[in-house]
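Participant: Right, I'll just put the structure down here and ask away after.
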Amino acid sequence: MTALGKLVRSTTFRLTLVYLTIFALYAAALLIYFALNTGRLITEQITETVDAEISYLSEQYATGGLRRLILIIENRSLRPGSSLYLVTTPNGQGLAGNVGSLAPGVIENTGWSETVYRRLDDQETTEHRALARVTQLSGGFRLLVGRDLEERRRLFGIVAHAAQWSLLVVIVLGIGGGIFVARRVLRRIDAMTGTAQRIMAGDLSDRLPVGRSGDELDRLAENLNAMLERIEALMVGLKEVSDNIAHDLKTPLTRLRNRAEEALASSGSEAEYRAALERTIEESDGLIRTFNALLMIARAESGQARGNMDDFDAADVAKGIHELYEPLAEDDGMSLRVKAAPARLHGNRELIGQALANLVENAIKYGKPSAVVQPLDPAAAARTREILIDARREGDNVLLSVTDHGPGIPEADRKHAVERFVRLEASRTQPGSGLGLSLASAVATLHGGELRLGDSHPGLTATLAIPARAAGSDRLAAQTQDVPQKVA
């Protein structure tokens with residue numbers, strides 16, 4: 001398609017033509033209205049003037065007779081102007097006036113009429129138009145007084161001429177303006193189209209151009225760029241997940257296969273076979289937990305879990321997690337304590353409970369104090385093995401935090417620690433898949449919040465900071481037991 005064809009077919013150009021047509025019709029209607037009202041005003045002025053003259057001449061005829069009327073008519077006929085006068089006998093023969101000829105039947109009928117006429121002093125045979133009134137005097141004589149309509153015709157001509165030029169100017173300016181606007185919009189749309197084609201070709205890092213005008217195209221480009229950034233982040237995350245799954249799940253799958261081969265190759269007893277099967281089931285459960293964790297992260301990052309949000313008390317979630325994990329912490333030589341104040345929250349109770357459970361599991365596994373820095377005081381030693389679950393309201397946010405007194409996470413590694421399958425050097429000797437903090441971060445992001453990792457001197461404080469968004473609701477969610485899935 002040629003550039004002119006694209007221009008003519010553009011929505012902007014068509015809208016410009018529509019607006020141009022509407023404006024032209026409005027201007028034409030305005031000019032017609034002006035011309036008609038001006039013509040009506042001129043006609044009213046003519047009728048008032050003619051009526052006044054007929055009244056005066058009739059009075060003169062009544063007081064001075066026919067001779068006085070003829071004398072006045074002859075005097076007025078000699079004056080330059082557009083006034084018409086004619087006095088005739090009862091049979092229509094002219095006695096005085098400046099009218100040479102009239103249309104047939106005009107002088108015989110009294111009243112108003114618009115007629116063609118020719119003046120006595122006209123050198124040409126051109127006929128003019130006039131608005132005249134005929135009245136019958138006593139004795140059967142007839143008196144015609146009128147005004148030439150050339151002024152009205154000339155006014156209509158001026159209006160028509162102005163309308164023609166105005167319409168021409170409007171059309172030229174409208175088409176020119178339409179071409180200018182359409183080319184400007186097409187230039188921006190072509191730039192967006194080129195960028196979209198490069199993005200479709202695989203370059204997800206490209207972005208639509210955004211101008212400085214802040215108009216609807218700029219707002220559209222900004223929203224599309226935000227969408228592209230989200231898509232790019234999801235694609236990068238998908239690639240990372242695929243790479244991580246291929247890398248991190250290869251080892252447990254290989255170990256699972258080797259154990260099965262070893263059990264088949266050896267001719268052991270039934271107890272050995274049972275032990276091999278139990279190890280295989282345990283390894284399979286670990287793989288299932290990993291895949292379930294990845295699915296939960298995908299649900300959180302895609303926003304699918306927003307449909308299951310409700311109002312509930314974050315303190316109930318913290319107490320439920322404490323009750324569930326307290327025996328596990330004691331078996332591992334740790335003590336689990338909860339400090340929960342009423343903190344109403346609007347969100348997905350299941351995912352928030354799972355995220356908090358992941359933080360508690362990480363604290364139990366990695367939050368043990370180093371044997372080198374164990375305090376001699378038994379009370380102080382007990383405090384270092386304490387894990388605190390805290391739920392509280394702070395401003396517009398609800399904070400769910402887990403604090404331990406272990407080695408913590410160095411500040412330089414905290415951003416890296418929330419990525420999928422990431423396990424720091426200090427945690428590589430512990431079982432796990434490296435998805436716990438990643439899931440907690442995804443759940444916080446789903447609710448418009450964030451996962452904060454800070455120092456507890458010593459140790460780590462992991463905090464889910466989530467906007468409350470529960471105003472106007474006085475009920476709490478049904479009291480259901482939080483049984484989270486284990487995600488390391």
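Participant: Using alpha-carbon positions, what is the distance between the centroids of segment 438-472 and segment 305-337, in Å?
Facilitator: 15 Å
Participant: Can you pull the percent of segment 125-273's accessible area that's carbon plus sulfur, 1.4 Å probe, other chains left in place?
Facilitator: Carbon and sulfur: 60 percent of the exposed surface of segment 125-273.
Participant: Just the accessible area for I32, please: 1.4 Å probe, Å², rounded to the nearest 10?
Facilitator: Taking all protein chains as shown, I32 has close to 100 Å².
Participant: Quick one: Cα centre-to-centre distance for segment 161-201 and segment 27-103, in angstrom?
Facilitator: 58 Å
Participant: Order M309, M192, most accessible first, counting only protein heavy atoms with a 1.4 angstrom probe.
Facilitator: Highest to lowest solvent-accessible surface, that is M309, M192.
Participant: Here's something else I'd like to know. With +1 on each Lys and Arg Cβ and -1 on each Asp and Glu Cβ, how big is the dipole of segment 68-221 about its Cα centre, in debye rounded to the nearest 20?
Facilitator: 300 debye
Participant: If you don't mind, another one. Once R0 is set to 41 Å, what does the formula 1/(1 + (r/R0)^6) return for the Cβ-Cβ distance between N109 and R67, expressed as a FRET efficiency to the nearest 0.05?
Facilitator: Between N109 and R67 the formula returns 0.95.
Participant: Taking the Cα centre of segment 77-130 as origin, work out the dipole magnitude from +1 charges on Lys and Arg Cβ and -1 charges on Asp and Glu Cβ, in debye rounded to 20.
Facilitator: Magnitude of the dipole: close to 140 debye.
Participant: Can you pull the accessible area of L86 for me, 1.4 Å probe, Å² to the nearest 10?
Facilitator: Rounded to the nearest 10, the figure is 20 Å².
Participant: Among L256, L30, L324, what's the order by accessible area (1.4 angstrom probe), most exposed first?
Facilitator: My answer, sorted largest first, is L30, L324, L256.
Participant: Still on this structure: Sorted by average packing, counted as other Cβ atoms within 10 angstrom per residue and highest first, what order do 59-68, 383-392, 312-321, 134-143 take?
Facilitator: Descending mean neighbour count gives 312-321, 383-392, 134-143, 59-68.
Participant: Next question. Top to bottom by accessible area (1.4 Å), largest first, where do D121, D206 land?
Facilitator: Sorted by accessible area, descending: D121, D206.
Participant: Using label points projected 7 Å from each Cα along Cα→Cβ, tell me how many nm separate R184 and A226, to one decimal.
Facilitator: 2.6 nm
The values are calculated or read from the model by the stated rules, or taken from the named source; none is laboratory data. Because the structure is predicted, anything quoted here is derived from the model rather than measured. No Cβ is skipped: glycine too gets one built from the backbone with ideal geometry, and neighbour counts run over all protein chains shown. Ligands, DNA and RNA are stripped out before the accessible areas are found, and what is left, the full protein with its side chains, is counted by its heavy atoms. Shrake-Rupley method; radii C 1.70, N 1.55, O 1.52, S 1.80 Å.
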